[in-house]
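Engineer: Dumping the structure here so I can ask a few things about it.
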Amino acid sequence: MKPGKKMLAVIFITIAAFIYIAGFGLGSRVKGVFDMRFGIDIRGGVEAIFEPQGLDRKATEHELDTAREVIETRLDNQNIADREVTVDKNAGYIIVQFPWKSGETNFNPEDAIAELGEMAELTFKDPDGKVLIQGKDVENASPEVNKSNNIISGYQVALQFNANGAKLFEKATGDLIGQKMSIYMDNNLISNPTVQTKIAGGKAVITGLGSFEEAKELADKINAGALPFSLETTNFSTISPSLGNNALNIMVIAGIIAFFMVCIFMISYYKLPGIIACITLVLQMVLQMLSISIPQYTLTLPGIAGIILTLGMAVDANIIISERISEELKKGVSVRSSIRNGYKSAFSSVLDGNVTTAIVAVILMIFGSGSMLSFGYTLLAGMVVNLLVGVNVSKMLLLSFADFRLWNNEKWYRKKKEVKILPVYQKKYVFAIISGIIILSGIVGCFVKGVKLDTQFTGGAVLSYTASESANTDKIKDAIEKQTNRPVTVQIKKDNMTGKERLSVTLAGNEGMSPDEQKEITKVINSTGDKVNAELSETYVVEPYIGAKALRNAGIAIVLSSIFIVIYVWIRFSAMSGLSAGITALIALIHDVFVVFSAFVLFGIPLNDAFVAVVLTIIGYSINDTIVVYDRIRENRKNDSKISVVDLMNTSTSQTLARSINTSLTTAICVLIIMVASVVFQINSIREFSLPMFFGILTGCYSSICIAGTLWAGWKNRKA
């Protein structure tokens, strides 16, 4: 369909339809944004204690860690990203916290725990009932579609065994050719395949399944039962929200205000293209939120980070396009031709920026779990929406408006003014001093203030109190942190067995608490109110919520993301010696990560999963910013191959300066408004996230303009 009145009607009807779906959903399967699954902080949730069953000994540390990983896998399969799974090795049990379902009204913890399914022991048996392989020897099970000549011929489950399991499975299949090998979850038969041939290599498939849903259900059961013992829930409690719906309402209002502020800027600066950008942003926001609500991904703090980044990049794409249209109009090109040429010229920048960020998202989804998986998913969904919807829809809208005589006039567009070429490269030593001061401040801060690690990384001592309903969790948290100088988490929990509420205080660190320290903390709690009446009832130590494997995977994801970004830039920007461009971009990213780290240290914010989310957000944001500068360098080099490296760098940076500043300004406005709201209404978790994010956005813009390009030009000059 060509741009025009019909195209406008189709686009606006489509936007209205998606807004309706977002508001009201479509039946029970397609849930709107008001039926999202929110995190524990916002809506509360459940705490369950799982204990090993059927053992005549205490579970080993390795077995408990394995059980923990299996539970986390199941939570990932259920899209439950906001959770805390930790181990009390002394008591020998696993503690799981997760949020309520979106449609939960009875708030029954027993029903909620049933969502996790049975935590039973998995065994492979021969026809006589002899156990051949145990669940601990299964590494992974995944559903697959069996295709032949691109035609679906059936469904199956692919099994991956560890080294010991591979040996046992090879022997078992060799002995049972033509016979059944039964798979049991405890005493319940879940699959009874016939062995066709001896299987070596540690890989196998279970065929003959009727549907993909059946294959997925079997794979989930196998993954859930990959334990050397069964697990049983021995106790469970409800967790009260620490932020509450009021905090959510405040953040929603702050987000709406930020959106209107961005729209005011875009319209006043870019005129009609700014109006089109705002209309497109509405569609992109709706689709982004539906991508979370429909599969019921838990909306977490890192998930919010992913949304902020994708919306920032959506605005960025429109700014790049608007700037290009302005440049075309400056050349004297007609309005319609300026629009088409502007989109064509901007596409490579938009594509490269989104692809490099999508690389981060995909790697996170492969290696991440929990909050990192949530971040990766929201980020990838945003990139897909931005490329497939944002760019194309805004182009069709703008061309359709330009089809009217009224809007086919230069007065509705911003014409680019003459660009003053700034001596950016000549100021490289000034930039080096500025960056040096920032880095030195961070290093000094580490020695003076120390690096605080939250319970998620360190584990901690948990003190459980009986207390009155007047206990204020925020006041208690602040008072204990001032007394102990340790990061503290405070929650209100209701014991399902007794019906009594208790106050749960977790102090980060694995050093435990002496009796005298416990008494001091009790005094501090009671000093926060006249009728708190807190009495200590239980103390225990828990392992880090973010386990060693998850932490290792986070490191691997960040390293791999950096490597793939360098490789992508190397290939795409071969015209400007891609390897040097990739490495200098990576140096700028490292600079930005250190600035974010310094912000956490200097403001005394404990490092937790919010730190990981902010770092990954800034990596995606900063590389996108740098790509735009590199894209202009590549274009100018193509237009004038004889231009010197210094002039090339100065010209390209000056030409993209307005875009870099405007993009950072609009994104910074969003984060700043959220940060101010969190400070005014004392929402600490949002403040601890938005404050370093604000500094990260500023340094992302700074490093792209002042560091990446100057480093590249310096590299090329030395080689010359």
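Engineer: Suppose we keep only residues that are among the polar types (S, T, N, Q) and more than 23 Å from the chain's Cα centre (by Cα) within segment 80-105. Which one would you say is least open to solvent (accessible area, probe 1.4 Å)?
Structural biologist: It comes out as 105.
Engineer: Just to check your reading of the model, which residue among 697, 686, 674 is part of a helix (DSSP H, G or I), modelled with pLDDT under 85 and open to solvent by less than 20 Å² (accessible area, probe 1.4 Å)?
Structural biologist: 686
Engineer: Moving on to the next point. Within segment 630-649, is even one residue in contact (Cβ under 8 Å) with a residue 24 or more places away in the chain, outside any helix (DSSP H, G or I) and either among the hydrophobic types (A, V, I, L, M, F, W, C) or open to solvent by 20 Å² or more (accessible area, probe 1.4 Å) (or both)?
Structural biologist: No, segment 630-649 has no match at all.
Engineer: Please go through segment 462-505 and give me each residue that is among the hydroxyl-bearing types (Ser, Thr, Tyr) and at pLDDT 80 or above, ordered by number.
Structural biologist: Selection gives 464, 465, 466, 484, 489, 504.
Engineer: Something else about it: Return the residues of segment 44-63 that are open to solvent by 70 Å² or more (accessible area, probe 1.4 Å), assigned to a loop (DSSP other than H, G, I, E, B) and modelled with pLDDT under 80; say none if nothing qualifies.
Structural biologist: The answer is 54, 56, 57.
Engineer: Moving to a separate point now. Looking only at segment 169-196, which residues are aliphatic (A, V, I, L, M) and out of contact with any helix residue (DSSP H, G or I) (no Cβ under 9 Å at 6 or more places or on another chain)?
Structural biologist: Scanning segment 169-196 gives 172, 176, 177, 189.
Engineer: What is the residue count in segment 672-689 for residues that are in contact with a Leu (Cβ under 9 Å, 6 or more places away or on another chain) and closer than 19 Å to residue 260 by Cα?
Structural biologist: So the count comes out to 2.
Engineer: I've got another one for you. Of these, 392, 408, which one is open to solvent by 10 Å² or more (accessible area, probe 1.4 Å) and farther than 30 Å from residue 307 by Cβ?
Structural biologist: Matching residue, one of 392, 408: 408.
Engineer: Given the structure, is residue 459 on the phi > 0 side of the Ramachandran plot, open to solvent by less than 30 Å² (accessible area, probe 1.4 Å), under 32 Å from the mean Cα position of the chain (by Cα) and modelled with pLDDT of 80 or more?
Structural biologist: When the stated conditions are applied, residue 459 does not pass them.
Engineer: Name the residue that is modelled with the highest pLDDT, counting only residues in segment 233-253 that are touching an Asp or Glu at 6+ places or on another chain (Cβ under 6 Å) and more than 30 Å from residue 673 (Cβ to Cβ).
Structural biologist: Checked segment 233-253; the qualifying residue modelled with the highest pLDDT is 237.
Engineer: Among residues belonging to segment 159-170 that are closer than 10 Å to residue 199 by Cβ and more than 36 Å from the chain's Cα centre (by Cα), point out the one that is least open to solvent (accessible area, probe 1.4 Å).
Structural biologist: Just the residues of segment 159-170 that are closer than 10 Å to residue 199 by Cβ, to begin with: 159, 161, 166, 169-170.
Among the residues that remain, those that are also more than 36 Å from the chain's Cα centre (by Cα) are: 169-170.
Details: 169: 14, 170: 64 Å².
Of everything passing the filter in segment 159-170, 169 is least open to solvent (accessible area, probe 1.4 Å).
Engineer: One residue is enough: does segment 106-125 have a residue meeting the conditions more than 30 Å from residue 212 (Cβ to Cβ), open to solvent by 20 Å² or more (accessible area, probe 1.4 Å) and part of a strand (DSSP E or B)?
Structural biologist: No, the conditions are met nowhere in segment 106-125.
Engineer: Further question on the same structure: Among the residues of segment 23-76, count how many are more than 26 Å from the chain's Cα centre (by Cα) and in contact (Cβ under 8 Å) with a residue 24 or more places away in the chain.
Structural biologist: Final tally of qualifying residues: 12.
Engineer: State the number of residues belonging to segment 572-611 that are modelled with pLDDT of 85 or more and under 30 Å from residue 348 (Cα atoms).
Structural biologist: 17
Engineer: Of the residues in segment 11-43, how many are buried (at least 21 other Cβ atoms within 10 Å of the Cβ), modelled with pLDDT under 80 and in a loop (DSSP other than H, G, I, E, B)?
Structural biologist: 1
Engineer: From 435, 468, 504, grab the single residue that is under 34 Å from the mean Cα position of the chain (by Cα), touching a residue at least 24 places away in the same chain (Cβ under 8 Å) and over 21 Å from residue 235 (Cα atoms).
Structural biologist: Every option except 435 fails the conditions.
Engineer: Among all residue pairs at least 6 apart or on different chains, which show Cβ distances below 6 Å where the first residue, located in segment 330-359, is open to solvent by 40 Å² or more (accessible area, probe 1.4 Å) and the second is not in a helix (DSSP H, G or I)?
Structural biologist: 330/415; 330/416
Engineer: Go through 136, 147 for me and flag whichever is of a type outside the set (Phe, Trp, Tyr), part of a helix (DSSP H, G or I) and modelled with pLDDT under 85. It would help to see each step written out before you state the result.
Structural biologist: Working: 147 fails: part of a helix (DSSP H, G or I).
After ruling out the rest, the residue left standing is 136.
Engineer: Is it the case that residue 659 is open to solvent by 30 Å² or more (accessible area, probe 1.4 Å), touching a helix residue (DSSP H, G or I) at 6+ places or on another chain (Cβ under 9 Å) and either in a helix (DSSP H, G or I) or of a type in the set (Ser, Thr, Tyr) (or both)?
Structural biologist: No; evaluated as a whole, the condition is false for this residue.
Engineer: Only one of these conditions is not met by residue 77: (1) farther than 23 Å from residue 293 by Cα; (2) open to solvent by 50 Å² or more (accessible area, probe 1.4 Å). Which number is it?
Structural biologist: Status for residue 77: all satisfied but (1).
The values are calculated or read from the model by the stated rules, or taken from the named source; none is laboratory data. Please read these numbers as outputs of a predicted model, since none were measured by experiment. Using ideal geometry, Cβ is built from the backbone for each residue, glycine included, and neighbour counts are taken over all protein chains shown. For accessibility, only protein heavy atoms count, side chains too; no ligands or nucleic acids. Shrake-Rupley method; radii C 1.70, N 1.55, O 1.52, S 1.80 Å.
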